[in-house]
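For reference, the structure discussed in these notes is given below.
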Amino acid sequence: MKKSQYLIFAIFVGIQSFLLQLVDQVIGTHLVSGGHSGFVFIAFQGWALYFLLGSSVKGAVKGFCGYVLGILFAVIMIGMSAILPDLKLLTVPLVALIVVPFMMYFEFAPWCISNVAVFFVGAGAFFGVNSYVEGIKMWQSAGIVLLYCIFGLLSGWTSIVFRKWLEGKIFSVSVPDSGQIPGKKGIDA
């Protein structure tokens with residue numbers, strides 16, 4: 001695809017970004033009491049993960065499952081931290097020392113839950129939302145993270161579908177039928 005043709009794709013991705021921002025401004029304020037927006041960063045993470053996980057539906061499933069497990073491990077870490085508050089400064093580091101090695105062994109799990117890097121992205125998004133939205137409940141944080149993850153994965157999928165369609169339009173060549181029947185020495189040889 002030439003640079004001039006690429007402009008069409010770049011504008012399409014810009015429109016997708018615009019729509020994600022708009023959706024966040026419209027629905028983000030209704031997801032928690034008191035209103036809040038600014039969750040679109042999670043969609044952009046999911047969008048990038050779609051490409052990093054192979055730009056396929058299978059990769060998107062792996063990404064979503066990784067977000068779910070990342071949230072689950074984050075909840076486990078929060079719960080363990082509540083059990084060990086007397087350790088003060090060492091509480092979170094000790095909990096990470098206990099949970100992360102266990103989490104790492106998921107590399108040997110079935111394909112849909114074996115990308116540990118995505119666990120960290122999902123957990124990070126969950127910790128972020130849980131930390132900066134005052135009074136939010138964990139189930140709300142989880143729901144927001146997963147919803148915006150889906151927005152991002154769908155944006156990645158849409159980008160790829162549009163680009164393939166566009167490249168097909170640009171590079172499709174119409175070959176007139178010459179009336180020849182391909183034989184052993186013809187086109188298929």
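Between exposed trypsin sites (Lys or Arg not before Pro) in the chain, where DSSP calls loop and at most 10 other Cβ atoms lie within 10 Å, what's the longest gap?
On the way: sites that count: Lys2, Lys184, Lys185.
The segment 3-183 is the longest one with no such site.
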On Cα atoms only, tilt of 57-83 relative to the major axis of the chain in degrees: 10 degrees
Starting from the exponent 0.38 and prefactor 2.2 Å, build the expected Rg for the chain from its residue count and divide its actual Cα Rg by it. 1.41
What are the ³J(HN,Hα) values, in whole Hz, obtained from phi via the Karplus relation 6.51 cos²θ - 1.76 cosθ + 1.60 with θ = phi - 60°, for each residue of the stretch 130-138 in sequence order, with x given for Gly and Pro? 5, 7, 9, 9, 5, x, 6, 8, 4
Which stretch or stretches of the stretch 7-41 have amide N atoms under 17 Å from the point lying 7 Å from Thr158's Cα along the Cα→Cβ direction? 8-28, 39-41
Helix 3-27 axis, angle to the chain major axis (alpha carbon atoms, nearest 10°): 30 degrees
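Can you tell me the relative contact order of the chain? Whole percent, Cα pairs under 8 Å, sequence separation 6 or more. Mind showing how you got there, number by number?
Numbers: 184 pairs, mean separation 58.7, N = 189.
Relative contact order here is 31 percent.
Please list 14-27, 142-155 highest first by mean number of surrounding beta-carbon atoms within 10 Å per residue. Write out the running numbers ahead of the final one.
On the way: 14-27: 14.0, 142-155: 21.8.
Per-residue mean Cβ counts within 10 Å order the peptides as 142-155, 14-27.
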Considering amide H positions built from the backbone, and no H for Pro or chain starts, which residues 5 or more places from His36, or on another chain, come under 5 Å of its amide H? Thr29, His30, Leu31
Per DSSP H run of n ≥ 4, the term is -39500 (n - 2.57); total these for the chain, divide by its residue number, and report the mean residue ellipticity at 222 nm rounded to 500 deg cm²/dmol. -24000 deg cm²/dmol
Per residue of the stretch 153-160, in order, report the coupling 6.51 cos²θ - 1.76 cosθ + 1.60 (Karplus, θ = phi - 60°) as ³J(HN,Hα) in whole Hz, putting x for Gly and Pro. 4, 5, 5, x, 4, 4, 4, 5
Where Cα atoms sit under 25 Å apart: lysine pairs in the chain separated by 8 or more or lying on different chains: 7
Charge-dipole axis of the stretch 38-170 as Lys and Arg at +1 and Asp and Glu at -1 on Cβ define it, positive-most pick from Leu97, Trp157, Val133: Trp157
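We did not get these values from a lab; they are worked out from the coordinates using the rules stated. Keep in mind that this is a model prediction, so the values were computed, not measured. In this analysis, Cβ positions are derived from the backbone assuming ideal geometry, glycine residues included, and neighbour counts consider all displayed protein chains.
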